[in-house]
């Protein structure tokens, strides 16, 4: 459940009023909290302010602020707890003032007293300025911040053999902002031993001698950056990149020329990345140039795509060129769907010792000599079988020089073909004439899927699936002699029902509406209901009729005069404007409000308890 908001009376300190007994007040400029006592300004009781304390956080302890005088400013001194304690710590201040230059000393139990000397010194937040020399005796520094602002000299010469020995032992981390020199004053001869992980941020330079990265092949070297220099071997033909066959480099990318010594074995070169040991030129051309010599392929040459030969193909000794495709069709054929195929035997004969199938239109400049019969496409003239003339690929013209072409058997026109009678008019319906000839009439036409009758259709009963206007836009008028339409049974309207009269009456016991939304307040525009485009200064809603000692009207409506929804138990209406005589009570189980703060529940109920949620109770401001 969301937390309600309770706002106290608030304002600037200069406007703080006299508060009633128990009435709270908060100053927004000084952050002071007051409680009223007796409605007297002078008796307002001060209960605290964030100016006087610092609240603890997850990483810092709380503190007490000691603020300077208001005439001097707003600065303060903070006495603060450490972030972590192992128990309750109590400090007891001395009861008297100490002498000059005396210091507070802890007795180990939290009791503080004034002292002039200290036996055991622990530096806490101490600043040492100038040259500080620490001799043979040990100095333990247990402090959150100690500042040595001069040259600090440790005269102890104990050699360091591990992290716990030496002139200086630091148990915590060390931050070094300037240079670190290890060894002598002018020549660095000392050794630097670092255990664990080392991280260098910035430029790291190693000069002189040999730089060793690892001392065995089990040490891994990870280069996360990029090389900005050449990688050169210090001797020719002495070192390798990678080791075969178990530790080889995977890919090598060169933007320039890769040079290999004479006699080198270069295997599995891949141009492009595909299967192993192949040259893939899918992204460009591959040119094999033998300096005017011969390129020899001593095994099969397979060309998967279209190949272009600028010179002649010389197949001395015989050659088999199979599965050549011009165009892409079935195997072992020459496809000239995108151009002509010319077979020229230089005046001789082109012999086809098997069937010649021509699927399209063929043009012959000379006569066709078909000794013994010929089949040309689907045209069969006097061929054994059906003895038919098939002109499915062209027209058949029968011209008897003005006479009559007689068909003494059935004339069949197959599906997809046309029987053309030149005396007929397009789109007219065929009729049988007086002499049984085929004719038509201008009063009866059929276009697309529309049958048009120029005059009246005289029928007793019309049975149709759909009735609509001819042009699709003009309304259809169905009337009797008085202009009324009576429907004796149920009326189902599959489309929109538009009523343009002044009143619609529904006299039924129950009104069933499937629509999830009911729109009111629309206006008639050319026979269509559209939203209003100007303020008509009317109210829009639903009116309920009921009886309570007299006939009354209740309403839920949009009150145009105040721009809000009203619920009234008694209204009067004049020219579509409602006047609320009495507002109605609203009984609900819960209340949700969707306003400037978004959607939220403001009243809820659990068991027998009611809750206010997401509510701000405003106590007002000082005036």
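Here are the numbers for this structure:
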read-out: Segment residue 599-residue 60, extension gain: residue separation times 0.36 nm, minus the distance between their alpha carbons; value: 190.2 nm
read-out: Efficiency of FRET between residue 512 and residue 553 - r from beta-carbon atoms, R0 35 angstrom, step 0.05; value: 0.90
read-out: Projected label distance in nm at residue 210 and residue 78, using a 7 Å step from Cα toward the beta-carbon; value: 5.7 nm
read-out: The stretch 1-74: relative contact order as a whole-number percent, Cα under 8 Å and 6+ apart; value: 19 percent
read-out: Label-point separation, residue 457 to residue 28 (7 Å along Cα→Cβ), nm; value: 8.0 nm
read-out: Linear extension gain, residue 45 paired with residue 418, 0.36 nm per residue minus alpha-carbon span; value: 123.2 nm
read-out: Over the stretch 534-587, relative contact order from alpha-carbon pairs under 8 Å, at least 6 apart, %; value: 28 percent
read-out: q = 0.18, 0.30 Å⁻¹: log10 I(q)/I(0) that the Debye formula gives for the stretch 534-587, counting C-alpha atoms only; value: -0.55, -1.29
read-out: Projected label distance in nm at residue 430 and residue 115, using a 7 Å step from Cα toward the beta-carbon; value: 13.2 nm
read-out: Two-site FRET efficiency, residue 229 against residue 181, from Cβ-Cβ distance with R₀ of 30 Å, rounded to 0.05; value: 0.60
read-out: Stretch gain in nm, segment residue 572-residue 252, where the contour uses 0.36 nm per residue and the Cα spacing is subtracted; value: 106.1 nm
read-out: Förster radius 30 Å - calculated FRET efficiency between residue 546 and residue 498 (Cβ-Cβ, nearest 0.05); value: 0.45
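Every number in this text was worked out from the coordinates using simple rules, so none of it is lab data. These numbers come from a predicted model, not from an experiment. Every residue, glycine among them, receives a Cβ derived from its backbone with ideal geometry; neighbour counts consider all protein chains shown.
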